[in-house]
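For reference, the structure is listed below as structure tokens.
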Amino acid sequence: MPTEKIKRSYRKTRYILYKETLIDYKEHFWSFLGSFVGIGILAYLESSQFTGSDVVYLIGSFGASSVLIYGIIQSPFSQPRNLIGGHLISAFIGVSVNKLVPDIVYISAPLAVSLSIIFMQITKTLHPPGGATALIAVTGSAQIKALGYMYVISPVLIGVLILFLTALIFNNMTSSRSYPSHSTYHKHYHKHYHKLRKRLARK
């Protein structure tokens, strides 16, 4: 029954949010540190490579992604497949829509977001900030639009990989946190990450 499935998903989401927003100062510390370093690296790249008011690496959707991958790390939306795939699919769709209907924002904006949602659902890469990535491609500055499909590579892919690698490091610094947090992600990445830490500790 679709209704029962929705109810189960809702209860699961509520539990995850409740669990990860309990007052735990250690968790807050690692969430702060991870997000600070991740966004800080992007800000450094921005300041060292670009001047003026145009912002390329610091697109708004990365801030929303940071909330998920540093603050709600057990959420299905926060996992690597969703983080990377959701942004890349949405960026590609956003650029494509902008090329098809570049001057009709009341069509291009909703079309980019809606198509991004559908394709993220189809590919099982749903990542809410992806909708903003698509929207930025059609409503962003002239500098953003001038990038064309390079927008998918830089800033989106490069930025997402920086956020992901930072999350992989800081979300696994303690035994109470593990990222990626689900199924094969957890078994593969977390296992090998802690093996590497043990080897380095012996040296």
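The values are calculated or read from the model by the stated rules, or taken from the named source; none is laboratory data. What you see is a predicted model, and the numbers here were worked out from it, not measured in a lab. Positions of Cβ are backbone-derived with ideal geometry, glycine not excepted, and every protein chain shown enters the neighbour counts. Heads up: the accessible areas ignore ligands, DNA and RNA and are worked out on the full protein's heavy atoms, side chains in. Shrake-Rupley method; radii C 1.70, N 1.55, O 1.52, S 1.80 Å.
Quick look at the numbers
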quantity: Cβ pairs under 9 Å, 6+ apart, first in the range 107-133 and more than 18 Å from A64 (Cα to Cα), second outside any helix (DSSP H, G or I); calculated: I107/V101; S108/V101; S108/P102; L111/V101; F119/T125
quantity: Any chance L163 is closer than 21 Å to E46 by Cβ and either open to solvent by less than 60 Å² (accessible area, probe 1.4 Å) or modelled with pLDDT of 60 or more (or both); calculated: yes
quantity: Qualifying residue in the range 83-91 (condition: of a type outside the set (D, E), open to solvent by 60 Å² or more (accessible area, probe 1.4 Å) and assigned to a helix (DSSP H, G or I)); calculated: no
quantity: Conditions (1) assigned to a helix (DSSP H, G or I); (2) of a type in the set (S, T, N, Q); (3) buried (at least 20 other Cβ atoms within 10 Å of the Cβ): number failed by S96; calculated: (3)
quantity: Listing of helices (runs of 4 or more DSSP H) fully contained in the range 1-66 that carry 2 or more residues being at pLDDT 90 or above and surrounded by 12 or more Cβ atoms within 10 Å (Cβ to Cβ); calculated: 25-49, 60-66
quantity: Filtered residues of the range 102-161 (kept if farther than 17 Å from S61 by Cα, in a loop (DSSP other than H, G, I, E, B) and hydrophobic (A, V, I, L, M, F, W, C)); calculated: I104, L147
quantity: Residues of the range 103-147 classified as over 26 Å from G38 (Cβ atoms) and either in contact with a helix residue (DSSP H, G or I) (Cβ under 7 Å, 6 or more places away or on another chain) or modelled with pLDDT of 95 or more (or both), total; calculated: 12
